[in-house]
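Student: Below are the structure tokens for one structure; questions will follow.
The values are calculated or read from the model by the stated rules, or taken from the named source; none is laboratory data. In this text the structure is predicted, and so the values were computed from the model without any measurement. Ideal geometry is used to build each Cβ from the backbone, glycine not excepted, and the neighbour counts take in all protein chains shown. Just so you know, the surface numbers come from the protein's heavy atoms only, side chains and all, with ligands and any DNA or RNA stripped out. Shrake-Rupley method; radii C 1.70, N 1.55, O 1.52, S 1.80 Å.
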Amino acid sequence: MIWSSLVSAVQLLGVLVGLAFTGMVGLGLLSSALYSTERAEEPVENLRLVIPTVAAEHVRPALVETIEHTVSNFPEYEVYCVLDEGSDLEDELDVLDDVTTVVVPASFDCEAVAKGRAIQYFIETVVDDAPGHWYGFIDDDNRILDDTFCYEIPHYEARGYRAMNPVLVPRQGRSVLTFMTDHIRYVDDISIYRLFNGVLGRPYLGFHGELLCARGDLLREVGFDRDTIVEDFAFALELAKRDVKVWQSATRVSVLSPHDVQSFLDQRARWYLGIARYLPRAPVVSQVVVGLRIAIWTVAVTSSWVFVPLWVLGYGLALPGWFVVLLALGGLLYIGTIALGARRIGGLRGTALLALTPVYALLEQIVPLYALWTGEREFVVIEK
């Protein structure tokens, strides 16, 4: 009796997770058909691109590539690097001709930590709050793939918009497993994030740190001085509280996937714990929407292939046909997500990697268990 009840409970959780995933992503994808960006004839004039970086030796390769890519592709805009005093690469970055280095002194005191602290210092010491001044913050592994956002900014600013976020596209590092799994971020961006940031124009779901663009006066007004390890998410929710209009740019940003499974789990665990801890301070809409996503993520492992044997045992739920169809659609959505990665790899290798779809799903599903098992999670910059 107890065993049968346990099996039924796992089955029910798995069904609910599958339906919720299908509903969220499906609704988001449908909304994509209703959304497209507009642009002005001339690009924004006063834009500064800012790279907050830990400037440690282990991020040197990615950071150097990001600086070179940004400087060469956006020569008309000033590029900044913001780093802590005493960082490994401080002397090296300080002598670069095409980059303005801002060093955060050890004495700078605020509530924010790590990247948030660096951005807060930059806001207090550099940001110009005069109308028309914009700032784009990019991580030290990012490559901005086009300049569409430069033309969007004047158009949307004239209509009262004050911040935006792009679409993220994963770039393979040393691990093909994490690269394939990372495509869920891309599908999230063109579905559920597009629904909120694009169609609704309100960042209830949060922002990515990659090419987070905001007007200078908004940065001065809201700031990043909050004690959290998910500073970009927290900033976006503060915008939602203030009813600030935002948009999702058509610009795509290439982000480097974690180099190994350990780094992947560390990265996702930080997001999971950071978002969960900040949620009580979020607006009600965010508490509902993001809270649902966190809840789904927490029990997502029950929809994993690991529990297939329980279904085979035949206990518990007898699902109506339309339930089965919806669950199958959810499975196809995820397979389609992984197929995007397979297509980018190409050839027989890409096709063969589709067979590992259950493994990619499991990597995401076990993150909450890993996060809760490892306990307190500080801001850790993974190898890049």
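Student: Sort region 90-211 into rounded, prolate or oblate with this rule: let a ≥ b ≥ c be the square roots of the eigenvalues of the Cα gyration tensor; rounded if a/c is under 1.5, and if a/c is not under 1.5, prolate when a/b is larger than b/c, oblate otherwise.
Tutor: Judged from the Cα gyration tensor, region 90-211 comes out oblate (a/c at least 1.5, b/c at or above a/b).
Student: If you don't mind, another one. For a Förster distance of 51 Å, can you work out the FRET efficiency between the beta-carbons of residue 72 and residue 243, rounded to the nearest 0.05?
Tutor: Once the sixth-power term is evaluated, E becomes 0.85.
Student: Find how much the distance from residue 373 to residue 174 grows on full extension, using 0.36 nm per residue of separation minus their present alpha carbon separation; answer in nm with one decimal.
Tutor: That pair, residue 373 and residue 174, stretches by 69.0 nm at full extension.
Student: Need one word for region 136-204: rounded, prolate or oblate. Basis is the Cα gyration tensor (sqrt eigenvalues a ≥ b ≥ c); a/c below 1.5 gives rounded, then a/b vs b/c decides.
Tutor: On the way: a/c = 3.07, a/b = 1.67, b/c = 1.84.
It is oblate, given that a/c is not under 1.5 and a/b is not larger than b/c.
Student: So how much slack lies between residue 354 and residue 38, counting 0.36 nm per residue of separation and subtracting their Cα-Cα distance, in nm?
Tutor: On the way: separation 316, 0.36 × 316 = 113.76 nm, distance 3.61 nm.
Gain on extension, residue 354 to residue 38, equals 110.2 nm.
Student: Shifting gears a bit: Taking only protein heavy atoms into account and a 1.4 Å probe, give the accessible area per residue of region 162-292 in Å².
Tutor: I get 28 Å² per residue for this part.
Student: Subtract the Cα-Cα distance of residue 145 and residue 128 from 0.36 nm times their separation in residues, and report this length gain in nm to one decimal.
Tutor: Answer, rounded to one decimal: 3.5 nm.
Student: Right, another one. Please compute the modelled spin-label separation between residue 221 and residue 92, points set 7 Å along Cα→Cβ, answer in nm with one decimal.
Tutor: Placing both labels 7 Å beyond Cα along the Cβ direction yields 4.0 nm.
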